Every structure is written in C-alpha cells, then in structure tokens.
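Q: For reference, the structure I am asking about is given below.
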Amino acid sequence: MCSLADVQARVRQAVTGDGSLDAALPLVGGSEPARRLDIHRRHYELSLVTALRQRYPASAWLVGADVVTAAARAFVRVHPPQRPCIAEY
C-alpha cells in the first residue's frame, strides 16, 4: 500500500511528464486510466500556457498568438512551476 505522499508524487510526475506514466496508472483506476491521466495532463498544460499568455499579452500582439502559445508550451515542459500558486508562475 502506497502512502498518500507517494500516490501524489507518482500522479504529479505522470501529469507533469517528469516520470513514468506506468507508475501512476494503477493508482488512477477506472477502465481507461491512461485516458483519465491525459485529461489531467492537458488541463495542467493549458492552465499554465493560459497563465503565461495572460501575463505577456504584448508578446502575442507583437509576434502572434500561435508563436506565443508554442513557446509557452515548450517553456511549461522544461520549466514546471515550483510553487503551488499559478499566479506566481
């Protein structure tokens, strides 16, 4: 039996892409745990990309929304948040 901290760490690693998806699948449950984790992965990325785009609106105006969105996605993958507050990201 895993501790709560271990469960949270495995799911966080699977959602952020820092760890193995296979380690978290048994903890998720349901008939399609990989699809359930994908929902969380997409929401995680979208929330952070949205926060970055809102923080730098002039960049989107200067170079275009598609360029800023692509750059924000790349940034999110390489630099995940270090604090729980998305407004500080």
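Q: Between the range 1-15 and the range 19-55, how far is it from one alpha carbon centroid to the other, in angstrom?
A: After rounding, the separation between the Cα centres reads 13 Å.
Q: Starting from the Cα-Cα distance between Arg55 and Ile86, subtract it from 0.36 nm times their residue separation and give me the gain in nm to one decimal.
A: Gain on stretching Arg55 to Ile86: 10.1 nm.
Q: Express in nm, to one decimal, how much length is gained between Ala34 and Asp18 on full extension, taking 0.36 nm for each residue of separation and deducting their alpha carbon distance. Mind dumping the intermediate values first?
A: On the way: separation 16, 0.36 × 16 = 5.76 nm, distance 1.56 nm.
This chain segment gains 4.2 nm when fully extended.
Q: Helix-only mean residue ellipticity at 222 nm, the chain, DSSP H runs n ≥ 4 weighted -39,500 (n - 2.57), per residue, nearest 500. What is it? Don't skip to the end; give the middle numbers.
A: Working: 5 runs with 65 residues, N = 89.
Counting only the DSSP helices, I get -23000 deg cm²/dmol.
Q: Next question. Net charge near Gly17: determine it from the other residues with C-beta under 14 Å of the C-beta of Gly17, scoring Lys and Arg +1 and Asp and Glu -1.
A: Every neighbour counted, the sum reads +2.
Q: Using alpha carbons only, how many degrees (0 to 90, rounded to 10) separate the axis of helix 33-55 from the longest principal axis of the chain?
A: Helix 33-55 sits roughly 30 degrees off the main axis of the chain.
Q: Using only Cα atoms, what Kirkwood radius does the chain have, in angstroms? Each step should come with its number before you reach the end.
A: On the way: mean 1/r = 0.0698 Å⁻¹.
This gives a value of 14.3 Å.
Any read-out appearing in this document is the output of simple, stated calculations on the displayed coordinates, not a laboratory observation. Everything numeric in this text was worked out from a predicted model, so none of it was measured. All Cβ positions, even for glycine, are placed from backbone atoms using ideal geometry, and neighbour counts span all protein chains on display.
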